[in-house]
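Engineer: Please read through the structure below; I'll follow up with questions.
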Amino acid sequence: MSMAAKKAARARRAARGQHLTRQGSIDKIATGIPGFDFVAGGGLPECRATLVAGTAGSAKTIFVSHFLTAGIQRFNEAGVFVTFEDSPVDIRRNMCAFGWDIERWERDNKWAFVDVSPETNGPTPIVGAFDLGGLLSRIEHAVRRTKARRVTLDSLNALFVQFPDRALIRSELFRITTALKQMGATVVFTAERTEDYGAITQFGIEEFVADNVVLLRNILVDERRRRTIEILKFRGASHERGEVPFTVMEHGLIVIPISAQQLTQESTTVRVTSGIPELDRMCNGGIFRDSIVLVSGATGTGKTLMSAQFLNGGVQKRERCLLFAFEESRDQLFRNAAAWGMDFEKAEQQGRLVVQNQYPHAMPMEDHLVRMRNLIETVAPTRVAVDSLSALERVFTLKSFREFVISLTSTLKKQQIAGLFTSTTPSLLGGGSITEKHISTLTDSIILLRYVESKGQMRRSINILKMRGSPHDTQLREYTIDGHGMHIGEPFRDVSGILSGLVHSLVVEDERDE
Amino acid sequence: MPRVISFVLYIAGDTVRSQRAIANLRRIGEERFAGRYKLSIIDVHADPASAERDRILTTPTLIKQAPGAARRVTGDLTDFNQVLLALSLASEGDA
């Protein structure tokens, strides 16, 4: 494309408010695939060819379809889909599942197929020398007809299978992409890999034809599928490194850039109530508005109660609160809350409380995360409780779990939402959990609820293990639970070893009792 | 009564390869189907819509449209016998 044409295209985009990113001499166009442009430092290099490679089932066709769809829906840019494997009929039908009405876009001249899918009567016999002039001419025609700015070729394997002369196909692909780039199109082509970790492709296109390489993976980890996307190279432009999780949901792909998230959080000194006045006093006046509290305790210690009081504290202040409940049903929760003197039914009717029940096994980590983020965005709460994190820990891989917590906490912090997560310790006395071990550094405050066996009785203790940025009560205090919730009392003075679970009395005489 | 053979040859521009395919096809026509073949030549650059309709991937591509079922072969048609075999015309010829 000439400089003038490129300039005109930029001007058109600027007029639509679409942002183009410039890095050195490379301009990038936003793909419109959620999360991808962030990872890609703005999008795909404009008027370049990008290879998207992945194993079977790694969502290559969805990626390129989403690329074209977002072009149409968000930037009013037409696209051409050159299909070597699936027929246009199949693609139209498959992409309907994401609500993409390709047929309508075809009628509106926004989307054009160039159908090179296999013929029913088998491959054409070859006698003598040939090239892909027919294909090039058809693609160019489609691009001119629709004024397309995005062209995808899916997938190139079919070409290499049909024509054994790899060098010829490579040089023809080079000719095609060069021609398309000169027409001002950004090209994305796909190739299938045989392994998630190994050679990029078997055909050497990554070296000869592609300016950029993006890898899609669909890996089995601990019997669970995990999808990741990796930008392997952007010639002359910057991008995030390493694998980033993504998921395929009802509106297409969503890339979840986790490592890059917790950068720009401001912190506040505004305190809010924990919902328990005694606990607020222990915290030197309440918890910070943008802080994340982890409540750890064995079953029955009152974690759900603490999260209920935390929410109720917000409801009383006319805040809007959101609860993600992974263990108890809404009815159970509301009944329990009523037994502690809290009217959640009314809070819900007044729009101050939203309860989201979800069975943790129902979907992968990325889907949980995306749904939770969407709900947080819709509800716009000032408080969010998750009861319990451990329920999720059991169904995610450790890596996923950690990524989940990082991403959720940064989502909350960015919007200055107070968060309270509960975590169940596996043993009744003492103990810690995997959750604590792996996420304690990600939370601002940790509150321990522990059973104390003393003189033939089970008592309960509460302790603030840490509270970032604030002095706090460091004593282990006894608490009781009644019809008004949790009551925190005096420190335990007669026992030690509560946190290890090996409690022994400090009053020697008592030990002589038999 | 010998049947009329109908050929369509797709080429991409006026290149050496296109010229060679046209020359080879004319020679096959004259040698084997003298006086009873029709040939139309379509340049994909000039008529990409036809190329789309006939789903042309490679050039040159020769399509035999009649008689019988349509058959195609791609390349500059250097080997006459292979061309005839590919188009199911081996038994049609004069020689």
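The values are calculated or read from the model by the stated rules, or taken from the named source; none is laboratory data. The structure displayed is predicted, hence computed values, not measured ones. All Cβ positions, even for glycine, are placed from backbone atoms using ideal geometry, and neighbour counts span all protein chains on display. All accessible areas refer to the heavy atoms of the entire protein, side chains included, with ligands and DNA or RNA removed. Shrake-Rupley method; radii C 1.70, N 1.55, O 1.52, S 1.80 Å.
Engineer: For residues in the range A:141-155 being more than 13 Å from chain B (Cβ to nearest Cβ) and among the basic types (Lys, Arg), which is least open to solvent (accessible area, probe 1.4 Å)?
Structural biologist: A:ARG150
Engineer: Being modelled with pLDDT under 95 and of a type in the set (Gly, Ala, Ser) is the filter here, so list the residues in the range A:100-128 that pass it.
Structural biologist: Matches in the range A:100-128: A:SER117, A:GLY122, A:GLY128.
Engineer: Do you know which residues across the range A:69-83 are hydrophobic (A, V, I, L, M, F, W, C) and modelled with pLDDT under 95? Break it down into steps so the answer makes sense when it comes.
Structural biologist: We begin by selecting, within the range A:69-83, every residue hydrophobic (A, V, I, L, M, F, W, C); these are A:70, A:72, A:75, A:78, A:80-82.
A:PHE75, the sole residue that qualifies.
Engineer: Follow-up. Taking A:ARG383 and the conditions (1) under 14 Å from the mean Cα position of the chain (by Cα); (2) of a type in the set (Lys, Arg); (3) open to solvent by less than 60 Å² (accessible area, probe 1.4 Å), which numbered condition does it fall short on, given that it satisfies the others?
Structural biologist: (1)
Engineer: Here is a follow-up. Looking only at the range A:100-135, filter to residues that are assigned to a loop (DSSP other than H, G, I, E, B) and away from chain B (no Cβ under 14 Å); which one of those is surrounded by the most Cβ atoms within 10 Å (Cβ to Cβ)? Spell out the reasoning first.
Structural biologist: Here is the first cut: in the range A:100-135, the residues assigned to a loop (DSSP other than H, G, I, E, B) are A:100-101, A:108-110, A:116-125, A:127-130, A:132.
With the extra rule that they be away from chain B (no Cβ under 14 Å), the set shrinks to A:100-101, A:108-110.
Details: A:TRP100: 24, A:ASP101: 15, A:ASP108: 12, A:ASN109: 12, A:LYS110: 21.
Residue satisfying both the conditions and the ranking: A:TRP100.
Engineer: If you scan the range A:460-502, which residues turn out to be buried (at least 19 other Cβ atoms within 10 Å of the Cβ), in a loop (DSSP other than H, G, I, E, B) and of a type in the set (Val, Ile, Thr)?
Structural biologist: A:ILE498
Engineer: Something else now. Which number in (1) open to solvent by 10 Å² or more (accessible area, probe 1.4 Å); (2) of a type outside the set (A, V, I, L, M, F, W, C); (3) modelled with pLDDT of 95 or more; (4) under 30 Å from B:LEU85 (Cβ atoms) marks the one condition that A:ARG138 misses?
Structural biologist: Failed condition: (1).
Engineer: Tell me, yes or no, whether the range B:7-19 has at least one residue that is at the interface with chain A (Cβ under 8 Å from one of its Cβ atoms) and either open to solvent by 50 Å² or more (accessible area, probe 1.4 Å) or among the hydroxyl-bearing types (Ser, Thr, Tyr) (or both).
Structural biologist: yes
Engineer: Pairs under 7 Å by beta carbon, first residue at positive phi in the range A:299-312, partner acidic (Asp, Glu), six or more apart or different chains?
Structural biologist: Within 7 Å, no pair qualifies.
Engineer: In addition: Any residue in the range A:192-212 that is modelled with pLDDT of 85 or more sitting within a Cβ distance under 8 Å of a residue that is open to solvent by less than 20 Å² (accessible area, probe 1.4 Å) and among the aromatic types (Phe, Trp, Tyr)? List the pairs, counting only those 6 or more apart or interchain.
Structural biologist: Qualifying pairs under 8 Å: A:VAL209/A:PHE189; A:ALA210/A:PHE189; A:ASP211/A:PHE234; A:ASN212/A:PHE234.
Engineer: Working only within the range A:322-352, note down all residues that are within 18 Å of A:GLY275 (Cα to Cα) and polar (S, T, N, Q). Can you show your working first?
Structural biologist: Residues of the range A:322-352 within 18 Å of A:GLY275 (Cα to Cα): A:322-324, A:333-334, A:336-348, A:352.
Answer for the range A:322-352, where residues must be within 18 Å of A:GLY275 (Cα to Cα) and polar (S, T, N, Q): just A:ASN336.
Engineer: Could you list, in sequence order, the residues of the range A:57-97 that are part of a loop (DSSP other than H, G, I, E, B) and either acidic (Asp, Glu) or under 19 Å from A:ALA191 (Cβ atoms) (or both)? Spell out the reasoning first.
Structural biologist: In the first step, residues of the range A:57-97 are kept if they are part of a loop (DSSP other than H, G, I, E, B); the result is A:57-59, A:76-78, A:84-87, A:97.
Matches in the range A:57-97: A:GLY57, A:SER58, A:ALA59, A:GLU77, A:PHE84, A:GLU85, A:ASP86.
Engineer: Within the range A:186-204, can one find any residue that is among the acidic types (Asp, Glu) and in contact with a Leu (Cβ under 6 Å, 6 or more places away or on another chain)?
Structural biologist: Checked the range A:186-204: no residue is among the acidic types (Asp, Glu) and in contact with a Leu (Cβ under 6 Å, 6 or more places away or on another chain).
Engineer: Could we say that B:ARG72 is facing chain A (nearest Cβ under 9 Å) and part of a loop (DSSP other than H, G, I, E, B) here? Steps first, please.
Structural biologist: Details: facing chain A (nearest Cβ under 9 Å): yes; part of a loop (DSSP other than H, G, I, E, B): no.
Considered against the rule, which asks whether it is facing chain A (nearest Cβ under 9 Å) and part of a loop (DSSP other than H, G, I, E, B), B:ARG72 comes out as no.
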